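K.L.:
Submitted below is the structure of interest, expressed as structure tokens.
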Amino acid sequence: MPTISVQGRPYFYQERGEGEPLLLFHGFPFTGDSFRPQLDSPPKGVRLIVPDHRGFGQSALAPGIATMEAMAEDGLALLDALKIPSAFVGGVSMGGYVAIALTRLDPGRVRGLLLLDTQSLADDEAGKARREATAQDVEKNGVGAVVDGLLPKLMSASVAPAVRARVEKMMRAQSPQAVAAASRGMAARLDGKDILSRFSGPTAIVVGAEDVITPLEKAKVMHDLVAGSTLDVIAGAGHLANLEQPRALAPIIARLIARG
Ligand code: MLT
């Protein structure tokens with residue numbers, strides 16, 4: 001399976017399709033397999049590149065807090081290893097935070113942005129405290145502590161039981177250390193307003209109509225920040241619209257790539 005070494009750590013990725021590169025980052029606490037429908041059927045003309053963040057899935061954990069910038073640097077190392085000078089970059093939820101962080105680090109490598117069920121806002125003080133409580137809970141009691149709280153909020157009421165079961169299994173398989181490191185990393189993230197308001201590449205913003213974690217109003221904030229961005233609301237989907245309604249997402253990705 002494809003793996004590169006980032007500062008001596010194995011960093012795993014999956015790659016499917018041919019055409020314009022789209023580096024896609026997964027959310028919390030998942031793996032690149034949360035893009036299974038897109039990997040199995042990549043939009044025409046798109047080369048999908050989907051890593052597992054440090055500590056998740058088949059990628060090794062690095063010491064310390066997994067900041068969004070650190071995860072973005074891993075993604076940039078992957079583009080270097082694949083000799084890709086610039087790519088479309090996107091992500092779901094925490095993956096969107098990483099995509100924005102990558103744009104902050106190296107805007108010249110970002111041809112366009114795909115922001116799925118995510119937000120540009122930083123956590124407030126109460127949100128940061130909740131992240132720290134989650135990290136400590138997971139370190140003490142295992143990942144079940146975060147799964148039980150998050151799972152009911154992730155998908156729409158009408159989600160297929162098989163999809164729900166796959167998501168739950170993926171979450172329960174993650175290491176408590178990785179989940180704690182990423183929770184603290186999300187608490188430390190910066191507000192993306194400055195980055196998005198400066199970004200001039202094509203940008204697609206997508207939100208599930210039933211997303212209660214990063215709902216429509218958060219998507220609208222990003223839409224207002226990025227000039228010329230598109231905003232699509234996907235019916236019959238919650239926070240994981242790419243898993244619940246992959247057929248609705250495919251033409252949005254194809255349109256974004258065509259604008260590049
Ligand atoms: C995610 O899906 O990545 C998380 O719910 C994001 C977050 O907790 O802010």
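The values are calculated or read from the model by the stated rules, or taken from the named source; none is laboratory data. Keep in mind the model is a prediction, meaning the values are calculated, not measured. Note that each Cβ is placed from the backbone with ideal geometry, even for glycine, and that neighbours are counted across all protein chains shown. Each accessible area value is taken on the protein alone, full model and side chains, heavy atoms only, with ligands, DNA and RNA left out. Shrake-Rupley method; radii C 1.70, N 1.55, O 1.52, S 1.80 Å.
K.L.:
Under 18 Å between alpha carbons, and skipping anything fewer than 8 positions from K44 in its own chain: which aspartates and glutamates qualify?
P.N.:
Once the sequence-local aspartates and glutamates are set aside, what remains near K44 is E15, E18, E20.
K.L.:
Using only the alpha carbons of the range 1-57, determine the length spanned along each of the three principal axes and report them from longest to shortest in whole angstroms.
P.N.:
Largest to smallest, the principal-axis extents are 34, 21, 16 Å.
K.L.:
Evaluate the Kirkwood expression for the hydrodynamic radius of the range 212-260, namely the inverse of the mean inverse distance over all pairs of different C-alpha atoms, and round to one decimal in Å.
P.N.:
Numbers: mean 1/r = 0.0845 Å⁻¹.
Mean inverse Cα-Cα distance, inverted, gives 11.8 Å.
K.L.:
Just to confirm my numbers, what's the Cα centroid distance between the range 62-93 and the range 211-260 in Å?
P.N.:
21
K.L.:
A further question on this structure: With Rg and the Kirkwood Rh both taken from Cα atoms, where does Rg over Rh land for the range 1-103?
P.N.:
On the Cα set of the range 1-103, Rg over Rh gives 0.92.
K.L.:
Roughly what % antiparallel, to the nearest 5, for the DSSP beta bridges in the chain?
P.N.:
25
K.L.:
Summarise the accessible area of the range 41-158 (1.4 Å probe, protein heavy atoms) by the percent that is carbon and sulfur.
P.N.:
52
K.L.:
Accessible area, 1.4 Å probe, largest first: how do H53, H223 sort?
P.N.:
H223, H53
K.L.:
Here is a further query. How large is ³J(HN,Hα), in whole Hz, for each residue of the range 107-122 in order, when computed from phi with the Karplus curve 6.51 cos²θ - 1.76 cosθ + 1.60 and θ = phi - 60°, using x for Gly and Pro?
P.N.:
x, x, 8, 10, 7, x, 10, 10, 10, 9, 6, 9, 7, 9, 7, 7
K.L.:
Follow-up. Based only on the alpha carbon positions, what is the Kirkwood hydrodynamic radius of the range 56-168, in angstrom?
P.N.:
16.2
K.L.:
Give me the percent of accessible area attributable to carbon and sulfur for the range 164-260, probe 1.4 angstrom.
P.N.:
54
K.L.:
Extension gain L105-D123, at 0.36 nm per residue separation less the Cα-Cα distance, in nm?
P.N.:
Gain on stretching L105 to D123: 4.5 nm.
K.L.:
I would also like to ask the following. Suppose every K and R has +1 on its Cβ and every D and E has -1 on its Cβ; what is the size of the dipole of the chain about the Cα centre, in Debye to the nearest 20?
P.N.:
380
K.L.:
Please work out the C-alpha center-to-center distance from the range 111-128 to the range 145-209 and express it in whole Å.
P.N.:
Rounded to whole Å, the Cα centres lie 10 Å apart.
K.L.:
In a Gaussian network model over the chain where Cα atoms closer than 10 Å are linked, find which of E15, E217, E132 has the largest mean-square fluctuation.
P.N.:
With Cα springs under 10 Å in the chain, the top fluctuation among E15, E217, E132 is at E217.
K.L.:
With N set to the number of residues, divide the alpha-carbon radius of gyration of the chain by 2.2 N^0.38 Å and report two decimals.
P.N.:
Against the compact-globule rule of thumb, the ratio is 0.91.
K.L.:
With charges set only on the Cβ (+1 for Lys and Arg, -1 for Asp and Glu), what does the dipole of the range 42-193 come to about its Cα centre, in debye to the nearest 20?
P.N.:
Around 480 debye, computed over the range 42-193.
K.L.:
I've got another one for you. Provide the solvent-accessible area of S86, counting protein heavy atoms only and rolling a 1.4 Å probe, rounded to the nearest 10 Å².
P.N.:
30
K.L.:
Cross-link candidates for K128: which lysines have Cα within less than 29 Å, leaving aside residues fewer than 8 places away along the same chain?
P.N.:
K128 reaches K140, K153, K169, K193, K218, K220.
K.L.:
If you don't mind, another one. Of K218, K193, K140, which has the most accessible area with a 1.4 Å probe, and how do the rest follow in descending order?
P.N.:
Largest accessible area first, the list is K140, K193, K218.
K.L.:
So with the 1.4 Å probe, I'd like the accessible area per residue for the chain, rounded to whole Å². It would help to have the intermediate numbers written out before the result.
P.N.:
On the way: 10580 Å² over 260 residues.
Per-residue accessible area for the chain comes out at 41 Å².
K.L.:
Right, another one. Under 5 Å between amide hydrogens, which residues at least 5 positions from E20 or on another chain qualify, with H placed 1.01 Å from N in the peptide plane?
P.N.:
V46, R47
K.L.:
If you don't mind, another one. If you wrap a convex hull around the C-alpha atoms of the range 97-230 and split its volume per residue, what is the figure in Å³?
P.N.:
Per-residue hull volume (Cα only) is 121 Å³.
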